[in-house]
Amino acid sequence: MADLRIFSYLPNPRVWKATIAARFCGVEVEVRGAPPKELRDWLWDYNAHPLAEHERTSLSSLARTGRVGLTGSQLFKTHAFMAAQPFGNVPAAFGPNGEIGIFESNSIMRAVARLGESKSALYGRDAYEASRIDSFLDVSLVFARDSQIYLLALSSDTVDAAVHARAQEAFAIYASGIEQALSQQREALVGTGLSLADICFAAELALFMNEHARADQLCKLGLGRILHPAVQDDYPLTFAHFTRLVEHVHFQPDLKPYVEKLLAKAGN
């Protein structure tokens, strides 16, 4: 039995926060899921699985209207799922047997680090480092909120100049802080080794790169890519760190194919 089971739409860089951490820590993480549009045909549960037709009929009372990312879809969420995941969102993580639910990707990642703390100090070597890591994770939430609104607007063809401007400002604030943190010839955001702060940073930037697939859409609106070709000149340390992380043995299995595919779409 896995130490942690995660149910989510796939691929999802925010899930990879946990799987990357698991490689550092020797923790067994099981991931279940499917592309976003297919999740409407799944049972949302600790034992998540694609629904057979007879199940859809017998479980019709469980149908709930989807929200963020799956707005308007009828989703089949068990009572046990909602008890463990009170906000009803994915990624949704569970301890063994599904009795304890953990939600929000940074918290799921923290759970992995705690489970594997005897093998790796991903969550810091003392209370001060752990709190500094938390600071980076908290700041990432602000960027993640605006980036999610932006990416969902792009995918639904509802993006406008105001949404674009908020995402651009959020990215500039986040990238500037990362740049400053790395400015003292550092190769990790906290302490002397890679931590949850670095994992979170890499995953959030990889997710934001989905903008590359919508360049034509932005051009038609008279908007430029936030991750334009020259952005690396504005934040050289930030992007150099990202490149190193993508090539790292514990990051590479998840991030490298994903990032390469998005860069190919951008023509970079």
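Assorted remarks:
- Flag for residue 264 being without any contact (Cβ under 8 Å) to a residue 12 or more places away in the chain, open to solvent by less than 70 Å² (accessible area, probe 1.4 Å), aliphatic (A, V, I, L, M) and out of contact with any helix residue (DSSP H, G or I) (no Cβ under 7 Å at 6 or more places or on another chain): no
- All positions within region 11-41 that are open to solvent by 30 Å² or more (accessible area, probe 1.4 Å), β-branched (Val, Ile, Thr) and in contact (Cβ under 8 Å) with a residue 40 or more places away in the chain: 29
- Taken as a whole, the structure leaves residue 211 outside the set of residues that are open to solvent by 70 Å² or more (accessible area, probe 1.4 Å), within 19 Å of the chain's Cα centre (by Cα) and at pLDDT 95 or above.
- Within region 238-251, residues that are more than 10 Å from residue 199 (Cα to Cα) have Cβ atoms under 9 Å from residues that are at pLDDT below 95 and assigned to a loop (DSSP other than H, G, I, E, B) in these pairs: 241/186; 241/187; 244/187, counting only partners at least 6 apart in sequence or on another chain.
- Residue list for region 137-176, filter: more than 19 Å from the chain's Cα centre (by Cα), in contact (Cβ under 8 Å) with a residue 24 or more places away in the chain and either farther than 25 Å from residue 223 by Cα or surrounded by 15 or more Cβ atoms within 10 Å (Cβ to Cβ) (or both): 159, 164
- Enumeration of residues in region 43-71 that are of a type outside the set (Val, Ile, Thr), modelled with pLDDT under 90 and either surrounded by 12 or more Cβ atoms within 10 Å (Cβ to Cβ) or assigned to a loop (DSSP other than H, G, I, E, B) (or both): 55, 56, 59, 62, 63, 64, 66, 67, 69, 70
- Within region 26-44, the residues that satisfy the criterion of being aliphatic (A, V, I, L, M) and closer than 17 Å to residue 112 by Cβ are 27, 29, 31.
- Summed over region 179-208, the residues that are within 23 Å of residue 104 (Cα to Cα) and open to solvent by less than 40 Å² (accessible area, probe 1.4 Å) give a count of 16.
- When 81, 103, 94 are checked against the criterion of being out of contact with any His (no Cβ under 9 Å at 6 or more places or on another chain), open to solvent by 40 Å² or more (accessible area, probe 1.4 Å), within 30 Å of residue 136 (Cα to Cα) and modelled with pLDDT of 95 or more, 103 stands alone in meeting it.
The values are calculated or read from the model by the stated rules, or taken from the named source; none is laboratory data. Being a predicted model, the structure only gives us computed values, none of them experimental. Note that we place each Cβ from the backbone using ideal geometry, even for glycine, and neighbour counts take in every protein chain shown. All accessible areas refer to the heavy atoms of the entire protein, side chains included, with ligands and DNA or RNA removed. Shrake-Rupley method; radii C 1.70, N 1.55, O 1.52, S 1.80 Å.
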